[in-house]
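None of the figures in this text is laboratory data; all of them are computed from the coordinates on show. Predicted model only: the values in this text are computed from it and were never measured. Cβ placement follows ideal geometry from the backbone for every residue including glycine, while neighbour counts extend to all protein chains displayed.
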Amino acid sequence: MADNKPMRLWGGRFEGGPADALTRLSVSVQFDWRLAPYDLLASRAHARVLHRAGLLTGEELDRMLGALDELESACKRGEFRPTVADEDVHTALERGLLERLGSLGGKLRAGRSRNDQVATDLRLYLRDHVRTIVSRLVELETALMSQAEEHAATAAPGMTHLQHAQPVSFGHQLLAHVHALTRDVDRLKDWDKRAAVSPLGSGALAGSSLPLDPAAVAAELGFDSPAPNSMDAVADRDFAAEFLFCAAMIGVHLSRLGEEIVLWASQEFRWIEVDDAYSTGSSIMPQKKNPDVAELARGKSGRLIGSLMSLLTTLKGLPLTYNRDLQEDKEPVFDSVDTLLLVLPAVSGMVSTMRVNSAKLEASAPEGFALATDLAELLVRRGVAFRDAHEAVGHLVVWCQVNDKDLGDLTDEELAKVSPHFAAGPAEAADGTPGVREVLSVQGALAARSAFGGTAPDRVRDQLVSLREIVDGQAAWASGS
Ligand code: ARG
């Protein structure tokens with residue numbers, strides 16, 4: 001059987017062999033072979049159920065489990081490999097079993113079909129890999145949190161429309177990325193609850209007339225329950241599409257972080273320097289140092305989104321139940337898993353080793369009249385309607401622009417001309433609120449935003465405490481503890 005004679009699980013009713021063109025189109029073993037360990041797990045569970053159903057003797061079960069173990073080690077050692085003649089992973093493994101057990105190997109197929117097998121294998125594969133992906137996300141969250149801790153009190157220009165808006169703590173901005181990633185992890189954990197349903201026992205589509213025990217198989221494979229509808233079980237690929245959405249969302253978040261890092265590392269910003277280990281050079285310009293990791297993180301989001309689109313398009317309009325179109329589910333899923341596992345460690349390494357140029361950040365923070373809102377709010381605290389305060393400070397900004405001054409350069413007299421309420425004096429001390437000069441300092445502006453969720457350094461440190469707890473919980477989930 002080790003020759004290249006096509007190994008088929010369905011030859012009985014066919015007179016001639018398949019056309020080469022069909023074989024080439026049909027074969028999936030070149031990409032589904034990575035499901036082999038999961039297929040073997042499911043086979044062990046199925047063998048035990050066949051034994052309990054009286055369809056395998058104790059001695060047959062032992063030989064079957066022994067052969068499955070042996071086949072698994074042979075796969076691991078690379079001694080058992082699929083050949084071009086095996087249609088898919090299930091076919092290749094059945095060949096391996098027949099080579100070891102002779103006709104006994106053929107008993108394992110009773111009561112199951114590749115339709116319920118492949119749906120089970122892909123769920124097992126994904127539930128396993130989602131935990132690895134979460135571990136990699138936790139590493140990125142941790143890298144961002146360490147930088148945020150160091151820069152909780154580092155002022156930076158906060159932007160909207162990519163224009164200076166209001167000063168923020170740079171740590172606050174870094175933690176904004178962490179919050180997005182914690183939601184990504186939550187989504188995967190939530191996905192896992194829906195994915196924890198076992199299709200085994202559904203057979204081709206209608207269940208089995210043999211006395212199998214789907215609940216026992218489900219439990220053995222770590223699923224929460226067996227599928228309650230065999231037709232749904234073999235046709236459902238929601239779990240794959242939903243995973244691909246989660247992966248695409250992670251990709252979009254990584255692309256946003258990547259884009260920020262590209263900007264921050266530019267000559268125009270100079271907020272950070274990416275470590276040499278995470279930068280590349282130019283083949284022609286000796287001075288160049290490029291943030292390729294950040295750019296690739298941004299670029300890879302395209303294929304993650306593409307995988308989701310690809311599977312949704314495949315699924316759209318398929319009738320129940322299994323259709324061969326469903327074989328197209330695996331490559332986008334594998335590609336998205338591979339992509340995330342490739343990108344995440346690189347982004348984590350880049351973030352944890354980047355050097356933050358605090359002096360540049362602090363100096364840029366007030367630029368662009370970023371304290372104008374603080375000034376308007378000071379007038380509000382002194383009884384001015386916000387609408388009027390907004391107008392007054394707007395005029396002040398124009399005056400500054402015309403006279404090439406910054407808000408902080410204005411004298412008390414100049415301020416008083418705009419609004420008498422700016423006048424410093426006893427009233428200021430009496431109401432206990434910050435005065436004009438305090439409001440016009442970046443650290444004062446940061447500290448003033450001290451309500452829950454605000455950018456005050458103390459609130460950023462509070463955020464860190466709660467995020468650490470959340471991320472620890474996510475790490476524990478990923479490691480199964
Ligand atoms: N290789 C197929 C897939 O990936 C599973 C085989 C089911 N084939 C069939 N003809 N019923 O979906």
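Listed values, structure above:
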| read-out | value |
| --- | --- |
| 11 Å beta-carbon shell around LEU56, net charge (K/R +1, D/E -1) | +1 |
| Least to most buried among SER266, SER202, SER364, SER307 (fewest other Cβ within 10 Å first) | SER266, SER364, SER307, SER202 |
| Length gained when the stretch ALA423-SER209 is fully extended (0.36 nm per residue, less Cα-Cα span) | 68.1 nm |
| Under 23 Å from LYS417, Cα to Cα: lysines that are on another chain or at least 8 residues apart | LYS405 |
| Between 0 and 90°, nearest 10: helix 238-264 axis offset from the chain longest Cα axis | 30 |
| For the stretch 17-110, Kirkwood radius (reciprocal of mean inverse C-alpha pair distance, Å) | 13.8 |
| Residue exposure sequence - HIS253, HIS172 - by fewest surrounding Cβ within 10 Å | HIS253, HIS172 |
| Per residue, the convex hull volume that the Cα atoms of the stretch 372-440 enclose (Å³) | 71 |
| Calculated diffusion of the chain, Stokes-Einstein form, Kirkwood radius summed over Cα pairs, 10 °C and 1.306 mPa s, µm²/s | 59 |
| Using alpha-carbon coordinates, inclination of helix 292-315 to the longest axis of the chain, degrees | 50 |
| Per residue, the convex hull volume that the Cα atoms of the stretch 382-481 enclose (Å³) | 146 |
| Aspartates and glutamates whose Cα lies under 13 Å from that of LYS289, excluding same-chain neighbours fewer than 8 positions away | GLU273, ASP275, ASP276 |
| Inter-centroid distance (Cα atoms) of the stretch 34-91 relative to the stretch 103-157, Å | 24 |
| Residue-by-residue Karplus 3J(HN,Hα) for the stretch 372-385, coefficients 6.51, -1.76, 1.60, Hz, glycine and proline x | 4, 5, 4, 5, 5, 5, 4, 5, 4, 4, 9, x, 7, 5 |
| Inter-centroid distance (Cα atoms) of the stretch 340-399 relative to the stretch 273-308, Å | 27 |
| Candidate aspartates and glutamates - alpha carbon under 20 Å from LYS316, same-chain residues fewer than 8 apart omitted | ASP232, ASP236, ASP238, GLU242, ASP325, GLU328, ASP329, GLU331 |
| Unsatisfied cross-links (Cα-Cα over 23 Å) in the set LYS76/LYS300; LYS288/LYS360; LYS107/LYS330; LYS300/LYS330 | LYS76/LYS300; LYS107/LYS330 |
| Nitroxide proxy distance, nm - points 7 Å out along Cα→Cβ at LEU318 and GLN443 | 6.2 |
| Relative packing of 459-465, 76-82, which averages over residues the other C-beta atoms within 10 Å, highest first | 459-465, 76-82 |
| Fully extended contour minus Cα-Cα distance, from ARG381 to ASP409, at 0.36 nm per residue | 7.8 nm |
| Environment charge at ALA152 (Cβ cut-off 14 Å; Lys +1, Arg +1, Asp -1, Glu -1) | -1 |
| Antiparallel bridge percentage (DSSP; both residues within the chain; nearest 5) | 75 |
| Label-to-label distance, nm, for residues given as ALA196 and LYS360 (7 Å Cα→Cβ offset) | 4.7 |
